[in-house]
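Below is one structure, written out as structure tokens; comments come after it.
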Amino acid sequence: MNWINELRRLVGADGLLEQAPDMEAYLTDWRGRFRGRAVAVAHPRTTQQTAQIVQLCAHHSVPIVVQGGNTGLVGGATPDDSGKALVLCTRRMDRVRQIDTAEDTITVEAGCLLQRVQEAALARNRLFPLSLGSQGSCTIGGNLATNAGGTQVLRYGNARELTLGLEVVLASGEVWNGLRGLRKDNSGYDLKQLFIGSEGTLGVITAATLKLFALPRTRVVCLLALPDLGAAIGVLQRARDAAGPALTAFEVMSGACVRLVERVLGPQRRPFDSEYPWLALLEWSEHEDESSAVRRCERLCASAIEAKEAFDAIISRSLSDCASLWRIREAIPEAQARSGGNVKHDISLPLATMELFVAQTEAALRVLSPQLQALVFGHLGDGNLHFNVGTQERSPVRVAFELEAQINEIVYSAVRRCAGSISAEHGLGQLRRDLARQFKQPLELEMMRGIKQVLDPQGLLNPGKVI
């Protein structure tokens, strides 16, 4: 292939993988559910190299699958099995280009690890608040392409709200430099929003200008033991009234999740002497002194217990306490993976429907098979639940996967009745692409196809994903 020779010339021999063993890690998604083939894997070092690669592929009608840290959960960065696509990996584009503490912005390239961006901000006494379990391996480009959420959306918003400007290589190979750090720019369509959350189907994000924030002086974490999910929603309302914008995170986890962590990862530091149906974890961060924040958090917990919305509460007294309490929540995905996995659902719901949704869906799953067990946790503050379905302790995990189609029908039918979304923060990828057609209005789909046609008329960018 003459175009491969040209590609090799562009990126150098060390920037192109062509042998199957070398490409293996780039052809399977993080969960191991999707596997594809590729003609090669290219590692550009600059935006200009990326543009030249895209131009070359456009000229030879070669599909492109953009990949960052390959930590996605819906197969969005995995090529199909045709073997015709080029995987374009952004990991070598990892420079922090600029930090502006006067404007509170940071400009970074797409291949920067999320954790590196956080650390670069911290070194300048600033906070970049996007926080995910995979932050040590996921990249900013992937975070933006999927509009990542995470644990601090309640206060700071998701990736879309943290982005001021983008640099994007279009399907033609042209470079759009939209790296403006302006907080206000009402001079036409906000083009960057088209690319955020588009999962690499409209352009290749190569750099971004992101918002920074002042570091909070105080961080307090509280864990509450609750009777049910309805009580968690009540505590959330109390916390919002008491903390206002100081409420950084509000997470929930079912007792089944906590028991799974203890069973799979070994005995943990038990926060309470007894087991409870639900736990809520909230984080309070502000610029006042710690004693004031602790007192207000104590009043919040006391009022929740008095109203019988909570049985008990633990409040952090140190940074190590904060980390210890968060560890309970953060260990859930690892425990689920080590237990053999489960049928995953990343949904968002109106708070008013959430308790009934969980109750009715769990009941329907028990009817389908008494061996099934819902493992529910997530970001209650922004209405996002990870409603995963595994099996009871002595039942084989394969039972859940054998019933996956029926489980999905139960869960997604309930989501539709509640006017929720089938993807809160993971995206559609190839896992949920066809399902989205059942949830989106025909006019929405028509507009999405129209945008795709304008920006990628050959359909070469991440084909088979999203739409």
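Tell me whether the stretch 1-23 contains one or more residues that are touching a strand residue (DSSP E or B) at 6+ places or on another chain (Cβ under 7 Å), within 19 Å of Glu199 (Cβ to Cβ) and surrounded by 16 or more Cβ atoms within 10 Å (Cβ to Cβ).
Checked against the condition, which is being touching a strand residue (DSSP E or B) at 6+ places or on another chain (Cβ under 7 Å), within 19 Å of Glu199 (Cβ to Cβ) and surrounded by 16 or more Cβ atoms within 10 Å (Cβ to Cβ), the stretch 1-23 yields no hits at all.
For the condition in contact with a Cys (Cβ under 6 Å, 6 or more places away or on another chain), small (Gly, Ala, Ser), at pLDDT 90 or above and not assigned by TED's automatic domain parsing to the domain that holds Leu154, what is the one hit in Ser254, Ser303, Ser316?
Ser316
Scanning the stretch 171-190 for residues that are closer than 25 Å to Leu56 by Cβ and touching a residue at least 24 places away in the same chain (Cβ under 8 Å), which turns out surrounded by the most Cβ atoms within 10 Å (Cβ to Cβ)?
The residue in question is Ala171.
Yes/no matrix, rows are residues, columns are (1) touching a helix residue (DSSP H, G or I) at 6+ places or on another chain (Cβ under 7 Å); (2) among the polar types (S, T, N, Q):
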site: Trp3; (1), (2): yes, no
site: Gln19; (1), (2): no, yes
site: Met23; (1), (2): no, no
site: Tyr26; (1), (2): no, no
site: Trp30; (1), (2): no, no
site: Arg33; (1), (2): no, no
site: Gly36; (1), (2): no, no
site: Val39; (1), (2): no, no
site: Pro44; (1), (2): yes, no
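Can you name the number of the only condition in (1) over 30 Å from Cys418 (Cβ atoms); (2) surrounded by fewer than 16 Cβ atoms within 10 Å (Cβ to Cβ) that Ala359 fails?
(1) is the only condition that Ala359 fails.
Does at least one position in the stretch 432-445 carry a residue that is basic (Lys, Arg) and in contact with a strand residue (DSSP E or B) (Cβ under 8 Å, 6 or more places away or on another chain)?
Scanning the stretch 432-445 turns up at least one residue that is basic (Lys, Arg) and in contact with a strand residue (DSSP E or B) (Cβ under 8 Å, 6 or more places away or on another chain).
I'd like the residue in the stretch 417-461 that is among the polar types (S, T, N, Q) and in a loop (DSSP other than H, G, I, E, B) and, out of all such residues, is farthest from Glu174 (Cα to Cα).
Only one residue fits best here, namely Gln441.
Would you kindly identify the strands (runs of 3 or more DSSP E) lying entirely within the stretch 13-123 that contain at least 1 residues that are in contact with a Leu (Cβ under 6 Å, 6 or more places away or on another chain), among the β-branched types (Val, Ile, Thr) and assigned by TED's automatic domain parsing to the domain that holds Gly203?
Fully inside the stretch 13-123 and qualifying: 105-109.
Table: residues versus (1) farther than 22 Å from Thr248 by Cα; (2) among the β-branched types (Val, Ile, Thr); (3) touching a strand residue (DSSP E or B) at 6+ places or on another chain (Cβ under 6 Å).
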site: Ala120; (1), (2), (3): no, no, yes
site: Gly133; (1), (2), (3): no, no, no
site: Ser137; (1), (2), (3): yes, no, no
site: Ile140; (1), (2), (3): no, yes, yes
site: Gly157; (1), (2), (3): no, no, no
site: Arg160; (1), (2), (3): no, no, no
site: Leu164; (1), (2), (3): no, no, yes
site: Val169; (1), (2), (3): yes, yes, yes
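For the subset of the stretch 36-68 comprising residues that are in contact with a strand residue (DSSP E or B) (Cβ under 6 Å, 6 or more places away or on another chain) and either among the hydroxyl-bearing types (Ser, Thr, Tyr) or at pLDDT below 95 (or both), which member is surrounded by the fewest Cβ atoms within 10 Å (Cβ to Cβ)?
Out of the qualifying residues, it is Thr47.
Residues checked against (1) touching a strand residue (DSSP E or B) at 6+ places or on another chain (Cβ under 6 Å); (2) within 19 Å of Glu306 (Cα to Cα); (3) basic (Lys, Arg); (4) in the same structural domain as Ser324 (by TED's automatic domain parsing):
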{"residue": "Ala207", "(1), (2), (3), (4)": "yes, no, no, no"}
{"residue": "Leu226", "(1), (2), (3), (4)": "yes, yes, no, yes"}
{"residue": "Ala232", "(1), (2), (3), (4)": "yes, yes, no, yes"}
{"residue": "Arg238", "(1), (2), (3), (4)": "no, yes, yes, yes"}
{"residue": "Asp241", "(1), (2), (3), (4)": "no, yes, no, yes"}
{"residue": "Pro245", "(1), (2), (3), (4)": "no, no, no, yes"}
{"residue": "Thr248", "(1), (2), (3), (4)": "yes, no, no, yes"}
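For His386, all conditions in the list (1) within 30 Å of Phe250 (Cβ to Cβ); (2) under 22 Å from the mean Cα position of the chain (by Cα); (3) outside any strand (DSSP E or B); (4) not acidic (Asp, Glu) hold save one; what is the number of the exception?
(3)
Got at least one residue in the stretch 444-464 being in contact with a Gly (Cβ under 8 Å, 6 or more places away or on another chain), among the polar types (S, T, N, Q) and at pLDDT 95 or above?
Within the stretch 444-464, one or more residues are in contact with a Gly (Cβ under 8 Å, 6 or more places away or on another chain), among the polar types (S, T, N, Q) and at pLDDT 95 or above.
How many residues are under 21 Å from Arg432 (Cβ atoms) and free of Cβ contacts under 8 Å to residues at least 12 places away in the same chain when one looks only at the stretch 374-407?
2
The values are calculated or read from the model by the stated rules, or taken from the named source; none is laboratory data. It should be emphasised that the depicted structure is a prediction, and the values quoted were computed from it without experimental measurement. Cβ: placed from backbone, ideal geometry, glycine included. Neighbour counts: every protein chain shown.
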